[in-house]
Amino acid sequence: MNALFVSAILGVLLMLSSLFIKDRNYIHALALAGLAVLFAINLAEFDGWLLFEMDLSGMLRFDRYALVMNAIGLASFFFYLLLSGSAMEKVGPHHADYLALLFFICAGLFMVTGFESLLILFLGIEVVSIPLYILTGSDKRNLKSNEAALKYFLLGSFSTGLLLLGIAFFYGARGNFMATVSVDPTVVGSSLQLAAVLLLLFAMSFKVSVAPFHFWTPDVYDGAPTVFTSFMATIVKVALFAAFVRLFEDTFSLQFSLWQPWVAGFVVVTLLIGNLTAVFQQSVKRMLAYSSIAQAGFMLLAVYTINGDSKEGLLLYAASYSLATIGIFAVLVYLQDHTFEGFNGLAKKQPIVAASLVIFSLSLAGIPLTGGFLAKLFMIKAALAYQPWLAIVSVVMAVVSVFYYFRLIQAMYFRKDAQSISIEFPKSFPIGLLVTALIVVLLGIFPEAILGLLYF
Amino acid sequence: MPINYYLFLAIALFSIGVVGVLTRRNAIIIFMCIELMLNAVNLLLVAFSKMHYNQAAATAIPVANPGIDGQLFVFFIMVAAAAEVSVGLAIIVMLYRNIHSVDINFLNRLKH
């Protein structure tokens, strides 16, 4: 809970820092130091050690799960800043402002993972969304960025409208906004409550880009500056999934039979659309957008199967998916050509970068020995307990995903570069990328490093 | 007055907003329709708040400030909507500067 306030304060500090600090490297270092502090504060909270006590009136509750999720988000944020922080300069001159907005989003993410009242869920989603609209449109002269920002804004606020109507019905049925199970017989089967469940399901699906509510995702992810797409597709999406699971597990477990078939349908449609469309993409950025929809299908299994396995799986998924996607996007920022051809012959020129990219692709495809494999395994195992056919669909779609991730590897190792443009990476970049890749592998070998945090 | 009237009015307003978003092509009008949706929700929350207040008064079970949190929520929606307006209008102005139009039919560059 302290992390929430500290991250908002850090945002304000960073915003003001551009007045006093002219050197971008110092601002960057300030942001990294701030993140380290946030991480330490969050870890300290595992043992109940708080900087300051606050009465939250039962609106926020940071249990172990939320704290682990926040720790994963902060760690991903740290690697994100390390790898693509300097690339923000390409977007525009307002380096400090972008960082400030990212820290505000971070505060919103803590609200979203720890909400206990639907008021906080709504506020958290807004605090996340509004800075994201700005970041999407931050490349002001670029028409694609403008278009993406407008689309994201209109569809985002439309889905907020749905969310609010759901919350209003929820309030009508219960008389409060608490995200707890209500066993009151006048509430459980009431039509207001059922309408609320469906509206909240649709609105949350919109926010995490689950098909058939995914149509904004490819355009927005493609049009937004690559640095910010990376943040949107990973850290934000994963935290919203944590909120999704929390909402439906804690609050609507008695309406299980109503929403479960819907979620099963969404899983199948999302997996099909995400994977099959990703196969036909020529641009790696757009491929990653569809791949993020496909991965959302797997993460949605955690909402479908409410049990311990899938919740633990979601944590592993959050870590491995975020790190791998951040890594690929970080390389993409430095390439002139965003199509698969842009990666041709990268292995010869930058062996370390290419090797890390291989690990990221393998992890996203779910090949053993990587974090992505174990994450998918947890999800599919959980699904098997409910509906075997759903597990089969997931496995088949995981196999399909191998095809487009391996295209990246094929381009790097087996294709010759037609026009030999040298790609300039900052000096420490390959090492940072390699460390990220190693963590993805370590997650696959020692998953208890994360899962242990849940219990000890 | 029974709650149903408020419920129907709010749902009608909300539906007008949804239909507007789906059919209109002008970014500003779509935006207005979204605001209409949010305000329909505000109306609904206030009506429910009154309903819960009346229910609590009728049953005579002592509840502290029945129905007050619904009205609190309305203020939060207003604040969030205002923040959204400032960002949204800025985005629309930015787009207008570049293409001299706010018609969303122009927004098809990303499809190709």
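Observations
- Residue order, fewest to most surrounding Cβ atoms within 10 angstrom, among A:V236, A:V400: A:V400, A:V236
- Dipole in debye (nearest 20) - chain B, about Cα centre, beta carbon charges: Lys, Arg +1; Asp, Glu -1: 380
- Separation of alpha-carbon centers, region A:72-114 and region A:155-196, rounded to whole Å: 32
- Which listed pairs, of A:K90/A:K427; A:K90/A:K144; A:K90/A:K349, have C-alpha distances above 20 Å, in listed order: A:K90/A:K349
- The slack between A:V12 and A:H94, meaning 0.36 nm per residue of separation minus the straight C-alpha distance, is 28.1 nm.
- From the alpha carbon centroid of region A:210-286 to that of region A:423-450 is 25 Å.
- Between the listed residues B:V85, B:N26, B:L72, the Cα displaced farthest toward the positive end of the dipole of chain B, a dipole computed from Cβ unit charges relative to the Cα centre, is found at B:N26.
- Centre separation in Å (Cα based) which lies between region A:359-402 and region B:15-47: 40
- Ranking of B:C33, A:C106 by count of other Cβ atoms within 10 Å, fewest first: B:C33, A:C106
- For region A:135-147, putting each phi into the Karplus relation 6.51 cos²θ - 1.76 cosθ + 1.60 with θ = phi - 60° gives couplings of 5, 4, x, 5, 8, 5, 7, 8, 4, 4, 5, 4, 5 Hz, in residue order, rounded to whole numbers and with x for Gly and Pro.
- Of the residues A:G11, A:N42, A:A224, the one whose Cα sits farthest toward the positive end of the charge dipole of the protein assembly as shown, with +1 on the Cβ of Lys and Arg and -1 on the Cβ of Asp and Glu, is A:A224.
- The angle between the Cα long axis of helix B:68-99 and the main principal axis of chain B comes to about 0°, on a 0 to 90 degree scale.
- Relative contact order (percent, whole number), region A:116-262, Cα cutoff 8 Å, 6+ residue spacing: 31
- For region A:2-455, a simple Cβ point-charge model (Lys and Arg +1, Asp and Glu -1, everything else neutral) yields a dipole of about 1100 debye relative to the Cα centre.
- Each of A:I423, A:V396, A:L451 was scored by the projection of its Cα onto the charge dipole of region A:374-456, and the greatest displacement toward the positive side belongs to A:V396; charges sit on the C-beta of Lys, Arg, Asp and Glu.
- Convex hull of Cα atoms in region A:317-377, direction-averaged projection (nm²): 4.2
- The long axis of helix A:24-46 is offset from the longest Cα principal axis of chain A by roughly 40 degrees.
- Least to most buried among A:M397, A:M15 (fewest other Cβ within 10 Å first): A:M15, A:M397
- Rounded to 10°, Cα long-axis angle of helix A:2-20 versus longest principal axis of chain A: 40
- Close amide H contacts of A:T339 (hydrogens built in the peptide plane, cut-off under 5 Å, sequence separation of 5 or more or a different chain): A:V284.
- HN-Hα J in Hz across region A:269-284 - Karplus 6.51, -1.76, 1.60, θ = phi - 60°, x for Gly and Pro: 4, 5, 4, 5, 5, x, 6, 5, 6, 4, 4, 8, 7, 9, 8, 5
- Members of A:K207/A:K311; A:K207/A:K381; A:K237/A:K311; A:K207/A:K376; A:K285/A:K311 lying beyond 24 Å, as alpha-carbon distances in this model show: A:K207/A:K381; A:K285/A:K311
- Binned Cα-Cα distance frequencies in region B:24-111 - 5 Å width, integer %: 3, 12, 16, 15, 12, 10, 9, 7, 6, 5, 3, 2, 0
- Ratio Rg/Rh [Cα only; Rh per Kirkwood] for the protein assembly as shown: 0.96
- Long-range HN-HN contacts of A:A179 with modeled amide H, under 5 Å: A:S117, A:L118
- Computed over the alpha-carbon pairs of region A:1-113, the distance histogram in 5 Å steps reads 2, 12, 23, 24, 17, 11, 7, 4, 1 percent, short to long.
- Vicinal HN-Hα couplings computed from phi for region A:340-346 (Karplus, 6.51 cos²θ - 1.76 cosθ + 1.60; Hz; Gly/Pro x): 4, 4, x, 8, 4, x, 5
Read-outs: derived from the displayed coordinates by stated rules, not from any lab. All values derive from a computational prediction rather than experimental measurement. Please note: Cβ atoms are built from the backbone with ideal geometry, for glycine as well, and neighbour counts cover all protein chains shown.
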